[in-house]
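Beneath this line is the structure, given in structure tokens, with notes to follow.
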Amino acid sequence: MCGIVGLFLKDKSLEPKLGAMLSEMLVSLSDRGPDSAGIAIYGAPSRNEAKITIQSAKPARDFRDLDSELAKAIGVPVSIAVKSTHAVVRTAPAKIDEAREAIQALRPDIRIMGAGDVVEIYKEVGLPEAVVDRFDVRKMAGTHGIGHTRMATESAVTTMGAHPFSTGADQCLVHNGSLSNHNNVRRELVREGMKFETENDTEVAAAYLSSQMAHGKNLGEALEGTLSDLDGFFTFVVGTKNGFGVVRDPIACKPAVMAETDQYVAFGSEYRALTKLPGIDNARVWEPEPATVYFWEH
Amino acid sequence: MPATKLSKAATQDHASRIFDLDVSSLRELNQALHNLAPGSNETAWEVLHPKGSHSVAVGVDQPVSIDVRGSVGYYCGGMNSGSTITVHGSAGPGVGENMMSGSIIVKGDASQYAGATGKGGLLVIEGNASSRCGISMKGIDIVVHGNIGHMSAFMAQSGNLVVLGDAGDALGDSIYEARLFVRGKVDSLGADCIAKEMRPEHLELLQGLLDRAGITGVKPSEFKRYGSARTLYNFNIDNADAY
């Protein structure tokens, strides 16, 4: 099954509550997927800092002194905020790629969850409640975010197999469904130079979108491409630095419901994910049409 | 479920027995409905705060009326036999799935496969229905005030589907014997589904359905009828591509 949620705020006054609202939405869908859960939060941009979210199975060993070693390696200041098995590394935006490489060289066991100017990604094996508690997601502020609770069908139940998948700066994707041509698409993307960390079909969809956007398409155009180039069942919810998009395959058997008010756009696999949002009783609520791209940008 | 616990969960007033799903569990509600004996005086029920819950009022088999105040999730009123369920909100996938008799009225919209495999009774959707409305219907009558999505009445076997708005792609794909009446446009017809003549008996049947659904100001003559061309009943190699 899997459960997916997304929330794109229009009203700035709700931004301090983004983490709490998104957590509530995701926890309400726990019984759609008990294997793992994850959430991506887009926070406020900072002119002089970009972020890399990293994960380690041995955080005490891998995160200790990483900031000073990393700063020495890339020659600019680095800060690290540790949250359980994850940590957010902050450094100068121009040094982000260099920092990624240095992290992998200094600590080969660390996994990179995502990177960009604003995104932070937390995902682990376990139920949504446990995952949002572990990373204190409810206290996080932001402009938009997406979340996923996974019932594994296509690949292993591991931290890396959890969603969201991030394959480009500030880009990430959650997926309900299964793709049938992911191996072929993966081979094509590998030829283009994309790198993959898992055998997961969803990672291919995320990389496909990153590749399309790297070729100059906007989020809407990239999502349009999934309809002809990806085969299988899907409802995708996607975040970019300033955007939020939704698309369902032409058969559209995976459930989806959306709501829009003056304050937000929200997505849930089921209506019950939306029931605690402010003003939901008067929101425009609709089921997204098959093979139709929806997207919003700030 | 012991009666004492149930009486705590539900409060009784003059008119109806009220279940607040913020206070009591869905299982308590459904068990109380299943405990109804024939001839029970508890004929009016109200369900508060359904919050998109799954399986609200499934398997009811007594002629009671149930008003659900809010939107429900999957399978509301599934297998209904004789009760009248009104959803004062929208319904998730599979509302009224496998209904036997009675009626379900959805004041808002319905999600996918509304009325699937229904054998009898009446399902009225006052908003729009989504894809696969009436899939494999087996005798149920479905009346939709708004539009229906793609692949509706797929493999429909018996019963009537009335749509006041438009129908999506592949209406009536692989249909057997159900009658489909659509007032608006149909994006496309599925395999073996064709437009058919509206004869006096169909106008009469349709008027009866509109009356039962409480619809006024709409004439049966505004609808087109669709049904089975019956070319796929027996396997014929020439039709292989259509299966």
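The values are calculated or read from the model by the stated rules, or taken from the named source; none is laboratory data. All of these numbers come straight from a predicted model, not from anything done at the bench. Because the Cβ atoms are built from the backbone with ideal geometry, glycine has one as well, and the counts that use them run over all protein chains shown. With ligands, DNA and RNA removed, areas are computed over all heavy atoms of the protein, side chains included. Shrake-Rupley method; radii C 1.70, N 1.55, O 1.52, S 1.80 Å.
Just for segment B:112-162: of the residues that are touching a residue at least 60 places away in the same chain (Cβ under 8 Å) and more than 19 Å from B:SER81 (Cβ to Cβ), which one is nearest to the other protein chains (Cβ to nearest Cβ)?
B:HIS145
Across segment B:131-151, what is the total count of residues that are touching a strand residue (DSSP E or B) at 6+ places or on another chain (Cβ under 6 Å) and either at pLDDT below 95 or of a type in the set (A, V, I, L, M, F, W, C) (or both)?
Going through segment B:131-151 one residue at a time, the tally reaches 7.
Can you run down the residue pairs with Cβ atoms below 9 Å, 6 or more apart or on separate chains, where the first is in segment A:14-42 and of a type in the set (Val, Ile, Thr) and at pLDDT 95 or above and the partner is part of a helix (DSSP H, G or I) and open to solvent by 20 Å² or more (accessible area, probe 1.4 Å)?
A:VAL27/A:GLU129
Tell me, please, whether a residue that is modelled with pLDDT of 95 or more, touching a Cys at 6+ places or on another chain (Cβ under 9 Å) and surrounded by 20 or more Cβ atoms within 10 Å (Cβ to Cβ) can be found in segment A:274-285.
Within segment A:274-285 (the criterion being modelled with pLDDT of 95 or more, touching a Cys at 6+ places or on another chain (Cβ under 9 Å) and surrounded by 20 or more Cβ atoms within 10 Å (Cβ to Cβ)), the answer is no, since none of the residues qualifies.
Could you go through segment B:158-177 and let me know if any residue there is outside any loop (DSSP other than H, G, I, E, B), charged (D, E, K, R) and open to solvent by 50 Å² or more (accessible area, probe 1.4 Å).
Within segment B:158-177, none of the residues are outside any loop (DSSP other than H, G, I, E, B), charged (D, E, K, R) and open to solvent by 50 Å² or more (accessible area, probe 1.4 Å).
A quick yes/no check of all residues on (1) at pLDDT 95 or above; (2) touching a Ser or Thr at 6+ places or on another chain (Cβ under 7 Å); (3) open to solvent by less than 40 Å² (accessible area, probe 1.4 Å):
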position: A:GLN212; (1), (2), (3): yes, no, yes
position: A:VAL237; (1), (2), (3): yes, no, yes
position: A:VAL257; (1), (2), (3): yes, no, yes
position: A:TYR271; (1), (2), (3): yes, yes, no
position: A:GLU297; (1), (2), (3): no, no, no
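Kindly indicate the residue of segment A:252-270 that is facing chain B (nearest Cβ under 8 Å) and more than 21 Å from the chain's Cα centre (by Cα) and also nearest to A:GLU224 (Cα to Cα) among those meeting that condition.
Restricting to residues being facing chain B (nearest Cβ under 8 Å) and more than 21 Å from the chain's Cα centre (by Cα), the top hit is A:ALA252.
Look at segment B:31-75 and say how many of its residues are among the charged types (D, E, K, R) and under 16 Å from A:GLU270 (Cβ atoms).
1
So which residues in segment B:22-53 are open to solvent by 20 Å² or more (accessible area, probe 1.4 Å), within 14 Å of chain A (Cβ to nearest Cβ), assigned to a loop (DSSP other than H, G, I, E, B) and on the phi < 0 side of the Ramachandran plot, if there are any at all?
B:ASP22, B:SER53
Scanning segment B:115-156 for residues that are more than 17 Å from B:GLY227 (Cα to Cα) and of a type in the set (D, E, K, R), which turns out most open to solvent (accessible area, probe 1.4 Å)?
Here the answer is B:LYS119.
Would you tally the residues in segment A:164-182 being touching a helix residue (DSSP H, G or I) at 6+ places or on another chain (Cβ under 7 Å) and either β-branched (Val, Ile, Thr) or not in a strand (DSSP E or B) (or both)?
Residues meeting the conditions: 2.
Mind listing whichever residues of segment B:73-110 are over 16 Å from B:HIS49 (Cα atoms), assigned to a loop (DSSP other than H, G, I, E, B) and either among the acidic types (Asp, Glu) or within 14 Å of chain A (Cβ to nearest Cβ) (or both)?
B:TYR75, B:PRO93, B:GLY94, B:VAL95, B:GLU97, B:ASP109
Going through A:ASP136, A:ASP170, A:ASP109, A:ASP97 one at a time, which residue ends up being outside the structural domain of A:LEU66 (by the TED database) and either open to solvent by 40 Å² or more (accessible area, probe 1.4 Å) or more than 21 Å from A:ALA81 (Cα to Cα) (or both)?
Answer to the selection: A:ASP136.
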